[in-house]
Each structure stands twice: as C-alpha cells, then as structure tokens.
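Data first, discussion second: the structure below is written as structure tokens.
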Amino acid sequence: MELSLWPTTSQPWPDLLDAVRHAEATGWHAAYVADHFMGDGAAFGAESAPWLEATAVLAALAGATARIRLGSLVLSATYRHPAVVANWAATVDHASGGRLTLGVGAGWQENEHHQYGLALGPPGQRIRRLDEHLTVVRSLLDRPSTSFAGEWFQLDGALCEPKPLQRPLPVLVGGKGDRMLGLVARHADAWNMWSLPPAMRARSEVLARRCEEIGRDPATLRRTTQARVLVTGDRHRANAFVDALAPRAAVAGPPSAFAEVAAEWAAAGVDEVIVPDWDLGTGAERADRLDALHDAVAGLCP
C-alpha cells in the first residue's frame, strides 16, 4: 500500500509547495489537489477562503518537483471540457516527466456552480455527462483523432498532440454510487472514494461485480481512498473530531491509531491511502506529523 498527500489549495502557495516538497523528500507516493474554486461552508471550509486553481497548481508542481507523482482529485466534468482536459493532461505529463494521474469526477458542489452560472444538473445527468467526458478524454489521449457526437460533447476529427509520455496515461475516477461504479469499471485505471475500511470493502465488492459484468478483471483497477486525519493524544478531542465530521470519513488519535485503520484498508484491498493535510497544522508541526504518519505505516508501504 502506498501513502499520498492531499495538500489543501486554500493555503498560500509557498506553504503548499513546502508540504509537497517535504512529502517528496520523505518518500510519499503522490500529491493530489482538489478541483474547487471556493469552500462549501462545511467539509471543504469557509466559502470566502481563497482557493488556488487546481490545474495551475499541478502544472507548477510539475516543474517544482522531480519524483513524486501528481494528480487531480478530481477535475469536474461540469466545467472542464474534455478536449481542454486532454490537452492539459498531456502537457503536464510531459512537464512532469510522466508523473500525472488524471482524476475526473461528475461534480457536486452547488455553490460554485451557482455563483459562476454553471449547470450542475441532477445526479443522473451528471453521470451521463461524465460517461461522455471520459470517453472523449480517453480517445483524445490514445487515438490519432477523435470524432464524437453525444448529448454533451461533439468533436469532428479532433487532434490532441503531443500524446502523453505515459501510454496510457492513468485515469482515476472518483465516486461510490452503483451507477458511478459502472463508469469506473468501464473507464478508469484507478478508483477513489472517501471511506473507512468497512465502507471501502462493501463498495469494492460492488465494483468487482460491475467489472465482472463487462468482462473486466477487478484486479486491474487500483483502489484509492482518503479520510480526514487528526493527530492527537487527546482521546476526547479525537472523538469530537470524528463525530463533528460524520458521516464523512475521519480518523483521529496518535499515529498508531492511523496505522491500525491503514492496515484495515490494506486488508480491504486498498492500494493507496491519501492523507489530507487540512488538520495537520503548518510548517514544522505539519512536517513532524506527516513524518509520524509515514513512519507508523512503514510496514505496509513499499
């Protein structure tokens, strides 16, 4: 199992860069960033907080790092045209020396869509749009040209050059509903959802059935997950943290408590655990906590 970092893009650029460079220097697998323009007033923080734009952050990190993988968690199909996404992804894959994972999702955050006049749509519509989006992106990245006539996207002999260094470039899809897992089975190299181990195990079983229905070996899909993480020796604070975030997955306690949950994730088939830095402090305090978490799960990581 591999351990990756999710630095919040609501922090200043120097702090974000410091976190990613520290993760790279200490053996973390990847760094992921979210695709949002503002907080949601709940799990993703205050709406008025500043947010750095995801694709610019990843392009900048490509030039500021040398080893760590980089990924989007996840770009929204509601406001990222697949032709733009494919060309951007190919470019960043070149700029990073072949280190990009392209994460894409259906979109969900209502306030940013409302403020910018973007159509979000009901869940069924979002899933159909994501299905088309992934079909177009994969075709542009893999084929000499792409023609496509869909409900949402239309392309006529479209080119996307240069192709990415990674062939194929890994595509990650985020989601957990039954219909979303059908898309994951058809399109993705990697799957992501927020989870604690019991939920991951249950949803992974559904994903395996979706793969088998289309003749795909479920073992060919990489499984990734994340939860909010608080490092503390105060049991009452740990319990309050988890309770306050419910039903979103959260882990709190000393590094050994995180290691216990990580071992359960591994037993449930998880290949990669992604740790948000949102509750880990800043500067030297954050670095120390990242090191403690990494050391605690060293026996599970390559």
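The values are calculated or read from the model by the stated rules, or taken from the named source; none is laboratory data. These numbers come from a predicted model, not from an experiment. FYI the Cβ positions are ideal-geometry reconstructions off the backbone, even for glycines, and counts take in every protein chain you see.
Does Val136 qualify as being under 26 Å from Met38 (Cβ atoms) and either touching a Leu at 6+ places or on another chain (Cβ under 9 Å) or polar (S, T, N, Q) (or both)?
Judged against the criteria, Val136 is not a match.
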Can you confirm whether Arg167 is under 21 Å from the mean Cα position of the chain (by Cα) and in a loop (DSSP other than H, G, I, E, B)? yes
Which pairs do you get when a residue that is farther than 12 Å from Asp279 by Cα, found in the range 224-240, comes within reach of a residue that is of a type in the set (Ser, Thr, Tyr) and part of a strand (DSSP E or B), reach meaning Cβ atoms under 8 angstrom, with the pair 6+ apart or on two chains? Thr224/Ser4
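To keep it simple, each residue is scored yes or no on (1) touching an Asp or Glu at 6+ places or on another chain (Cβ under 8 Å); (2) closer than 17 Å to Ala30 by Cβ; (3) outside any helix (DSSP H, G or I).
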position	(1), (2), (3)
Arg201	no, no, no
Arg237	no, no, no
Arg248	no, no, yes
Ala252	no, no, yes
Glu260	no, no, no
Ala263	no, no, no
Arg286	yes, no, no
Leu290	yes, yes, no
Scan (1) crowded, with 19+ Cβ neighbours inside 10 Å; (2) within 25 Å of Ala287 (Cβ to Cβ); (3) over 18 Å from the mean Cα position of the chain (by Cα); (4) not β-branched (Val, Ile, Thr) for the single condition Trp265 breaks and write down its number. (3)
Give just the number: which of (1) under 14 Å from Leu75 (Cβ atoms); (2) in a loop (DSSP other than H, G, I, E, B); (3) hydrophobic (A, V, I, L, M, F, W, C) does Ala119 not satisfy? (1)
Tell me, which residue of the range 279-302 that is buried (at least 16 other Cβ atoms within 10 Å of the Cβ), modelled with pLDDT of 95 or more and out of contact with any helix residue (DSSP H, G or I) (no Cβ under 6 Å at 6 or more places or on another chain) is nearest to Ser204 (Cα to Cα)? His294
So, in the range 190-220, exactly how many residues are out of contact with any Ser or Thr (no Cβ under 7 Å at 6 or more places or on another chain) and among the hydroxyl-bearing types (Ser, Thr, Tyr)? 2
Val84 passes all but one of (1) aliphatic (A, V, I, L, M); (2) closer than 22 Å to Gly175 by Cβ; (3) part of a loop (DSSP other than H, G, I, E, B); which number fails? (3)
Looking at Trp152, Trp194 in this structure, which one is under 16 Å from Arg80 (Cα atoms), of a type in the set (Phe, Trp, Tyr) and in contact (Cβ under 8 Å) with a residue 12 or more places away in the chain? Trp152
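Just give me the residues in the range 107-139 being touching a strand residue (DSSP E or B) at 6+ places or on another chain (Cβ under 6 Å), under 15 Å from Gly150 (Cα atoms) and not β-branched (Val, Ile, Thr), in sequence order.
Residues of the range 107-139 touching a strand residue (DSSP E or B) at 6+ places or on another chain (Cβ under 6 Å): 107, 136, 139.
This time we only want the ones that are under 15 Å from Gly150 (Cα atoms), so: 136, 139.
Answer for the range 107-139, where residues must be touching a strand residue (DSSP E or B) at 6+ places or on another chain (Cβ under 6 Å), under 15 Å from Gly150 (Cα atoms) and not β-branched (Val, Ile, Thr): just Ser139.
Of a type in the set (Val, Ile, Thr), over 24 Å from His29 (Cα atoms) and either surrounded by fewer than 18 Cβ atoms within 10 Å (Cβ to Cβ) or touching a strand residue (DSSP E or B) at 6+ places or on another chain (Cβ under 9 Å) (or both): is that true of Val242 in this structure?
The answer is yes for Val242.
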